[in-house]
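Student: Here it is, the structure, as structure tokens.
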Ligand code: PMP
């Protein structure tokens, strides 16, 4: 590129060095008959609800901006939890809320604590906003190293702690006592990311911020068969919500999502059997995986299973699965889970296609 002074400008020089080093979040979108790599639900919503959602979406005035405060949807969410609408903030997916919380609650250069391995966006967004991620490794059986985390809290004073529970990709749920201990020790906020909580045996932790105002609960509709809507939300103390709301971009939730999501949430009970089906399929898949020699699978409370293949075999097995039309998530190059796949629980048919392909690929 030549500018007016005939100087050659390297377009890369226009980008902040920290951003140049980042990797954009990406997943493979090559069409594949069996897609088990993004922790989506294999089920769309029950037909009756889907039809209602389509009706309300069709009634949306296309020429008008959305309700900026998303009043109806926030009320529907608040009602589901016995919370007030002022305790609810919405994001275009929970990713957007991670961004907003870091932006609103941290000064550049401050630290974010994350137990790893975990959902990669906590670190990626923190870095993109000039924050410093600090990590504490999970134990070899994916338990939280509470002592290690408490030590890092003392040494590094993280302003935000992100706890995905059940954790992605390990599938384990952290004990409530550990969350409370971290919240009591933390100089800032603890975000309890419940993206997968509907698949856990004993359900959500409750409105923890009522006792500990530095706890923020984060949820998403993405795992309940509504990933296309892009809706995440946080439940927190109203002073937290009021202030994080100040960095939210206007109209971040479009009218169709507002209308359809409110309709879905008002009919929440009808989704419960689908969570039950996923849990059932998960437990069958877990048992079947551990019957296969050369595979080690860990128990999971989420809608996916983390499995390790024998040393050095990951690439061959991953490609073998792809050749059989099955896409799973491979953490290629990761220092801890580089020889592991994360397999989303599909429906009965998809899971049996996956198991058959796996046996062929090994
Ligand atoms: N949190 C965790 C732990 C996740 O695994 C994911 C998605 N993979 C998200 C948040 C993001 O969800 P959303 O679709 O709401 O942005």
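Student: Arrange the following residues from fewest to most other Cβ atoms within 10 Å of their Cβ: 55, 309, 134. The partial results should precede the final answer.
Tutor: Numbers: 55 12, 309 22, 134 19.
Taking fewest neighbouring Cβ atoms as first place, the list is 55, 134, 309.
Student: What ranking of 268, 142 emerges when the number of other C-beta atoms within 10 Å of each C-beta is taken as an exposure proxy, fewest first? List each step's numbers first, then the result.
Tutor: Numbers: 268 14, 142 20.
Result, fewest neighbours first: 268, 142.
Student: Could the peptides 171-182, 328-339 be put in order, highest first, of the mean number of other beta-carbon atoms found within 10 Å of their residues? Write down the numbers at each step before the final one.
Tutor: Numbers: 171-182: 18.5, 328-339: 16.0.
Taking the mean over residues of other Cβ atoms within 10 Å, the ranking is 171-182, 328-339.
Student: Here's another thing I want to ask about it. Anyone know which of 39, 167, 130 comes out most mobile in the 10 Å Cα GNM of the chain?
Tutor: Result: 130 has the largest fluctuation of those listed.
Student: Which FRET efficiency value, to the nearest 0.05, do you get for residue 47 and residue 210 by plugging their Cβ-Cβ distance into 1/(1 + (r/R0)^6) with R0 = 35 Å? Could the numbers behind the result be given before it?
Tutor: Details: r = 37 Å, r/R0 = 1.06.
Working from the Cβ atoms, E equals 0.40.
Student: Between residue 277 and residue 8, take the C-beta separation as r, use R0 = 56 Å, and let me know the FRET efficiency to the nearest 0.05. It would help to have the intermediate numbers written out before the result.
Tutor: On the way: r = 59 Å, r/R0 = 1.06.
Result of the calculation: an efficiency of 0.40.
Student: Cα gyration tensor of the stretch 244-362, axes a ≥ b ≥ c as square roots of the eigenvalues: rounded (a/c below 1.5), prolate (a/b > b/c) or oblate?
Tutor: Here the stretch 244-362 falls in the prolate category.
Student: Relative contact order, percent, of the chain when contacts are C-alpha pairs under 8 Å separated by at least 6 residues?
Tutor: On the way: 638 pairs, mean separation 82.6, N = 362.
That works out to 23 percent.
Student: Under the classification rounded if a/c is under 1.5, otherwise prolate if a/b is larger than b/c and oblate if not, where does the stretch 47-269 fall, given a ≥ b ≥ c as square roots of the Cα gyration tensor eigenvalues?
Tutor: Values: a/c = 2.03, a/b = 1.62, b/c = 1.25.
Prolate, since a/c reaches 1.5 and a/b exceeds b/c.
Student: What residue among 25, 251, 100 has the largest mean-square fluctuation in a Gaussian network model of the chain, using Cα springs under 10 Å?
Tutor: Top of the fluctuation ranking is 25.
Student: Could you give the length gained by full extension between residue 19 and residue 104, i.e. 0.36 nm per residue of separation minus their alpha carbon distance, to one decimal place?
Tutor: On the way: separation 85, 0.36 × 85 = 30.60 nm, distance 1.98 nm.
Full extension of this stretch gives 28.6 nm more.
Student: What distance in nm separates the two pseudo spin-label positions at residue 135 and residue 336, each 7 Å out from Cα along the beta-carbon direction?
Tutor: 0.7
Student: Springs between alpha-carbon atoms under 10 Å, Gaussian network over the chain: tell me which of 257, 344, 44 tops the mean-square fluctuations.
Tutor: 44
Student: Taking the highest mean first, how do the peptides 116-127, 62-73 order by number of other beta carbon atoms within 10 angstrom per residue?
Tutor: So the peptides 116-127, 62-73, ranked by packing, come out 116-127, 62-73.
Student: Roughly how many Å is it from the Cα centre of the stretch 291-362 to that of the stretch 218-257, as a whole number?
Tutor: Answer, in whole Å: 32.
Student: To check you understand DSSP bridge types, tell me what percent of the beta bridges within the chain (both residues inside) are antiparallel, rounded to 5. Don't skip to the answer; put the middle values down first.
Tutor: Values: 19 of 39 bridges.
Taking every DSSP beta bridge within the chain, about 50 percent pair in antiparallel fashion.
Student: If we count other beta carbons within 10 Å of each Cβ, what is the order of 113, 353, 249, fewest first?
Tutor: Exposure proxy ranking, most exposed first: 249, 353, 113.
Bear in mind these aren't lab numbers, they're just calculated from the coordinates by the rules spelled out. As the structure is a prediction and not an experimental result, all values here were calculated from the model. All Cβ positions, glycine included, derive from the backbone under ideal geometry; neighbour counts span all protein chains shown.
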